[in-house]
Amino acid sequence: MKKIDSNNHRVSIVLPTYKERENISSIVQELFELFKSYELEILIVDDDSNDGTFELVKKISFEDSRIRIIRRVGRSGLASAIKEGLLSATGDYVALMDADGQHRPVDVLNAFLHALRNKTDLVVGSRFLKSADIKGLSQRRTGGSSLANVLSRCSLRKKYSHITDYMSGCFVANLDACLAFIYKVDVNGFKFLYELLAVSRGKLSVEEIPLTFEPRLHGESKLDLSIVWDFLISLLHTATCRILPRRAISFAIVGLSGVLVQLLTTSFVMNIFAFTFKEALPISVITAATSNYLINNKLTFRSKRLTGVLLIKGLLKFLLVASFPVVANIGLATAFYNMVSDNELLAQIAGISIVFIWNYVASSRFVWNTP
Ligand code: GDD
Ligand code: MN
């Protein structure tokens, strides 16, 4: 392989890992072989995997100082690992790829050469270009990604509408051009690339090359429902000009689901147990609040998730926090109606808004201890 540029480019390759002990060595070897004409650094960002990934990488990094490892304890999540890796890179180009064998090192090299040749800020490896080949994604995941692509395209700047794989975990970036945006990426999610495109607001030149997406070598995918949820929140966050905190958006959607739970529970209890409306209401209000609490604990405040006895304590606190505004809501709506406007809809919206803000702020603070 020949260098196509007279400058001696230094390339950093970031490999985020969570339980990839069985996969990592072969990928590192292959990368060294392929990039041998370049000054290479391989940065592995491990989230304290309990399968010995760190110990293995530590050993191979003794043997070859081009390998660096960042071991993160108490911080986790793919997007934040990627951000930390990219920000710690010392190359003038930085590549991101999965460490489980699904991205081929040769495609990463192609993306890098493409970036060099065309002076592109960001070259994305796409699984959805015509000439790409998806071997390692189930029908369901392919369908999900296609839908996510359509939604992403709608929510991002026109300049990025030619992109075919907004969910890709494989790209090469010119660090000079991308660093300031990488710095700003909101890491509460799986979708680093989508966030990077959102915060860069059309300012990057982006091109794609086709990927062959292989099946995983060993182990299992870490993508789960909470990651899909994070992505939906990202979309809403971008669509609302990124003004509201992501957690507040998540909290609001969970609140809406609570309305549904309350309505269904009321009608269920009245029909099945022949309760009167007044008897059914306390049951359905508590059921809805409990359901809100459990979903928020699983999704909105997942990084501070409560378990065991703390889960029960948290529920009691949450019910307490949520019980204040029931009174306040009525008081506020009445005051608004009397003093500001006698429009009933506006008065109720004012009441609900205050309750929402109170519930969000107070439960963030007192139930999940977040600022
Ligand atoms: N440090 C760290 N922390 N690494 C993680 C974490 C984490 O919490 N979660 C996953 N990883 C690493 C894995 O070890 C792997 O190297 C890479 O990130 C991809 O994770 P997978 O769990 O294998 O993802 P996937 O194959 O299901 O998802 C693929 O498609 C997604 C879009 O559909 C990947 O290509 C993703 O990058 C891509 O976003
Ligand atoms: Mn994978």
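The values are calculated or read from the model by the stated rules, or taken from the named source; none is laboratory data. All values derive from a computational prediction rather than experimental measurement. Here the Cβ positions follow ideal geometry from the backbone for every residue, glycine too, while neighbour counts run over all protein chains shown.
Take Phe213 and tell me if it is under 30 Å from Val172 (Cα atoms), of a type outside the set (D, E, K, R) and either within 16 Å of ligand 2 (Cβ to nearest atom) or in contact with a Phe, Trp or Tyr (Cβ under 6 Å, 6 or more places away or on another chain) (or both). So Phe213 fits the description; yes. With the structure loaded, tell me whether Val228 is within 16 Å of ligand 1 (Cβ to nearest atom) and of a type in the set (Val, Ile, Thr) or whether it fails that test. So Val228 fits the description; yes. Assessment of the range 1-21 against the conditions (in a helix (DSSP H, G or I) and either under 30 Å from Leu113 (Cβ atoms) or touching a strand residue (DSSP E or B) at 6+ places or on another chain (Cβ under 6 Å) (or both)) yields no matching residue.
Against the test of being in contact (Cβ under 8 Å) with a residue 60 or more places away in the chain, surrounded by fewer than 16 Cβ atoms within 10 Å (Cβ to Cβ) and within 27 Å of Val228 (Cα to Cα), the options Leu78, Leu87 yield a single qualifying residue, Leu87.
What are the residues in the range 190-213 that are within 10 Å of ligand 1 (Cβ to nearest atom) and part of a loop (DSSP other than H, G, I, E, B), if any? Within the range 190-213, Phe190, Lys191, Leu211 qualify. Kindly indicate whether any position in the range 159-170 is in contact (Cβ under 8 Å) with a residue 60 or more places away in the chain and away from ligand 1 (no atom under 11 Å from the Cβ). Checked against the condition, which is being in contact (Cβ under 8 Å) with a residue 60 or more places away in the chain and away from ligand 1 (no atom under 11 Å from the Cβ), the range 159-170 yields no hits at all.
Given the structure, is Thr90 out of contact with any His (no Cβ under 9 Å at 6 or more places or on another chain), within 16 Å of ligand 1 (Cβ to nearest atom) and of a type outside the set (Phe, Trp, Tyr)?
Details: out of contact with any His (no Cβ under 9 Å at 6 or more places or on another chain): yes; within 16 Å of ligand 1 (Cβ to nearest atom): no; of a type outside the set (Phe, Trp, Tyr): yes.
No.
When Ile82, Ile69 are checked against the criterion of being over 21 Å from the mean Cα position of the chain (by Cα) and either within 13 Å of ligand 1 (Cβ to nearest atom) or modelled with pLDDT of 95 or more (or both), a single residue qualifies: Ile69.
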